[in-house]
Amino acid sequence: MPQPMGTTDRQAEHGLILDFAGVLTADPRSVHRVWCESEGLPPEAWRATLNDHPEGRRLYAALEVGEIDQAEWNRRTAVLLGAHVAPDNLMGRAWAAVPPAQRMAALARAAKGAGYRLALLSNSFGTNPFNPYEQAGIWDLFDVHVISEQVRIAKPDPAIYELTLERLGLPAQACVFVDDHPRNLPPAEALGITTVLATDESTTVAELEALLGVSAALSV
């Protein structure tokens, strides 16, 4: 792990780049399993449809880069889940009970208070009718928002990391990027960004506190 940044370094010339789902929210998988059962589906139906079903993967990839909107994704994915699954606000129904990661948000606020510029870098799952960023209450925390649906690029395409750095106005070496998907880290590392793989919230927050020289408890 890189050495902690010194107090005099923690100014606006450094940046913290955070993924959304699984970093600024709790791990959604257990919530999705409960939701599947409430809809009369096998517990792994959501994961299997979005990740393993060829058409499900294609539709989700299209949603991420804005080729289809969330409403269309809801209609077409509901059919893949099961004939009895209603399409109305499908994404919102599956995600509604996923809680925000409160300690990670506190860490981000502490970093901002110490002078870091903050960027939200998220592979989108749509914003209408369900806006996950609004529900989590974290949008206004960030100086820069790079949402794949809006920029038509998704992680791990190197171009989305370059765009994030451009919008932050910072060099790669001045930034830390946190994501819960290992495949999203190497392109950032190749640019010179320090990366942190998010695991459980407590471990990840502790690692960032040591790396950034801030304390999440200061913002709680």
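The values are calculated or read from the model by the stated rules, or taken from the named source; none is laboratory data. The model shown is predicted, which means the values in this text are computed figures rather than measured ones. Positions of Cβ are generated from backbone atoms using ideal geometry, with glycine treated the same way; all protein chains shown enter the neighbour counts. In case anyone asks, the SASA skips ligands and DNA or RNA and just uses the protein heavy atoms, side chains included. Shrake-Rupley method; radii C 1.70, N 1.55, O 1.52, S 1.80 Å.
The table that follows gives values for the structure above.
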{"quantity": "Euclidean distance between Cα centres, the stretch 50-113 to the stretch 184-220, Å", "calculated": "24"}
{"quantity": "Distance histogram in 10 Å bins (all Cα pairs of the stretch 42-158, percent per bin)", "calculated": "13, 39, 33, 13, 2, 0"}
{"quantity": "Along principal axes, Cα extents of the chain, largest first, whole Å", "calculated": "59, 33, 27"}
{"quantity": "Selected from N131, G192, V178, residue furthest toward positive end of dipole (the chain; charges at beta carbon)", "calculated": "N131"}
{"quantity": "Gyration tensor verdict on the stretch 51-112 (Cα atoms; rounded if a/c is under 1.5, prolate if a/b is larger than b/c, oblate otherwise)", "calculated": "prolate"}
{"quantity": "Surface per residue (accessible, 1.4 Å probe) for the chain, Å²", "calculated": "45"}
{"quantity": "Mean shadow area of the stretch 38-86, taken as a quarter of the surface of its Cα convex hull (nm²)", "calculated": "3.2"}
{"quantity": "Solvent-accessible surface (1.4 angstrom probe) belonging to T199, in square angstrom, nearest 10", "calculated": "90"}
{"quantity": "Helical mean residue ellipticity (222 nm; -39500 (n - 2.57) per DSSP H run of 4+; nearest 500) of the chain", "calculated": "-12000 deg cm²/dmol"}
{"quantity": "Dipole magnitude (debye, nearest 20) for the chain, charges at Cβ of Lys, Arg, Asp, Glu", "calculated": "120"}
{"quantity": "FRET efficiency for A97 and D143, using Cβ-Cβ distance with R0 set to 25 Å, rounded to 0.05", "calculated": "0.25"}
